[in-house]
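Colleague: Got a structure here, written out as structure tokens. Questions coming.
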């Protein structure tokens, strides 16, 4: 299907184009204002952005480890999973969805975060994103709470490493 690697600055425009393919999709809260090239730059500078490339070298998926103190400070995260890495901005090319790519990306990131010394993984999912919600329990994630942030209602998912 593809191989997952750390993103490099030359990937910036392809990643932004991938993000733009998600706009207007059901339950996708992304807009023209988010995610941006600035998010990509920040992720690259923190070595926090990973992509899956197909055999032709084209980017078909991306995921990052976010650095959002507001999310990290939510009281619902379990102490035994702290420090926890927050997965964010997971995107798969629309024509490549439903092939297990998101699962591969998440499992890969669990390994990366474990290697980097994190004790857990957490993320927020829009409570209306039924497609995403079905995907996380089989990967060992549990709902640990709910919150309202960024004008959305989220379920909070977490797992230990």
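The values are calculated or read from the model by the stated rules, or taken from the named source; none is laboratory data. Please read all numbers here as calculations on a predicted model, not as lab measurements. No Cβ is skipped: glycine too gets one built from the backbone with ideal geometry, and neighbour counts run over all protein chains shown.
Colleague: Have a look at 72, 111, 55, 67 and point out the one that is farther than 21 Å from residue 152 by Cβ, surrounded by fewer than 18 Cβ atoms within 10 Å (Cβ to Cβ) and within 15 Å of the chain's Cα centre (by Cα). Break it down into steps so the answer makes sense when it comes.
Modeller: Working: 72 fails: farther than 21 Å from residue 152 by Cβ; 55 fails: within 15 Å of the chain's Cα centre (by Cα); 67 fails: farther than 21 Å from residue 152 by Cβ.
That would be 111, the only listed residue that is farther than 21 Å from residue 152 by Cβ, surrounded by fewer than 18 Cβ atoms within 10 Å (Cβ to Cβ) and within 15 Å of the chain's Cα centre (by Cα).
Colleague: Which number in (1) without any contact (Cβ under 8 Å) to a residue 40 or more places away in the chain; (2) under 20 Å from residue 6 (Cβ atoms); (3) under 14 Å from the mean Cα position of the chain (by Cα) marks the one condition that residue 116 misses?
Modeller: (3)
Colleague: Identify, from the list 84, 100, the residue that is buried (at least 18 other Cβ atoms within 10 Å of the Cβ) and either touching a residue at least 12 places away in the same chain (Cβ under 8 Å) or under 13 Å from the mean Cα position of the chain (by Cα) (or both).
Modeller: Matching residue, one of 84, 100: 84.
Colleague: The conditions are (1) farther than 28 Å from residue 2 by Cα; (2) surrounded by fewer than 14 Cβ atoms within 10 Å (Cβ to Cβ), and residue 137 fails exactly one of them. Which is it?
Modeller: Single failed check for residue 137: (1).
Colleague: Does at least one position in region 3-19 carry a residue that is loosely packed, with under 15 Cβ neighbours inside 10 Å, in contact with a helix residue (DSSP H, G or I) (Cβ under 8 Å, 6 or more places away or on another chain) and either more than 21 Å from residue 106 (Cα to Cα) or modelled with pLDDT of 95 or more (or both)?
Modeller: yes
Colleague: Does residue 121 satisfy the condition of being more than 12 Å from residue 81 (Cα to Cα) and without any contact (Cβ under 8 Å) to a residue 60 or more places away in the chain? Give the derivation first.
Modeller: Numbers: more than 12 Å from residue 81 (Cα to Cα): no; without any contact (Cβ under 8 Å) to a residue 60 or more places away in the chain: yes.
Judged against the criteria, residue 121 is not a match.
Colleague: Hey, another quick one. Filtering region 30-42 down to residues that are in a helix (DSSP H, G or I) and within 15 Å of the chain's Cα centre (by Cα), which residue is surrounded by the most Cβ atoms within 10 Å (Cβ to Cβ)? Please lay out each step first, then the result.
Modeller: The initial filter retains those residues of region 30-42 that are in a helix (DSSP H, G or I), namely 37-42.
Narrowing the set further to residues that are within 15 Å of the chain's Cα centre (by Cα) leaves 39-40, 42.
On the way: 39: 18, 40: 22, 42: 15.
Filtering region 30-42 for residues that are in a helix (DSSP H, G or I) and within 15 Å of the chain's Cα centre (by Cα), the one surrounded by the most Cβ atoms within 10 Å (Cβ to Cβ) comes out as 40.
Colleague: List, please: which pairs have Cβ atoms under 8 Å, are six or more places apart or on different chains, and start with a residue in region 31-55 that is on the phi > 0 side of the Ramachandran plot and end with one that is outside any helix (DSSP H, G or I) and modelled with pLDDT of 95 or more?
Modeller: Cβ pairs passing all conditions: 47/6.
Colleague: Return the residues of region 20-29 that are surrounded by fewer than 17 Cβ atoms within 10 Å (Cβ to Cβ) and on the phi < 0 side of the Ramachandran plot; say none if nothing qualifies.
Modeller: Within region 20-29, 20, 21, 23, 25, 26, 28, 29 meet the criteria.
Colleague: Can I ask one more? Tell me yes or no: at least one residue of region 62-70 is at pLDDT below 95 and over 28 Å from residue 8 (Cα atoms).
Modeller: no
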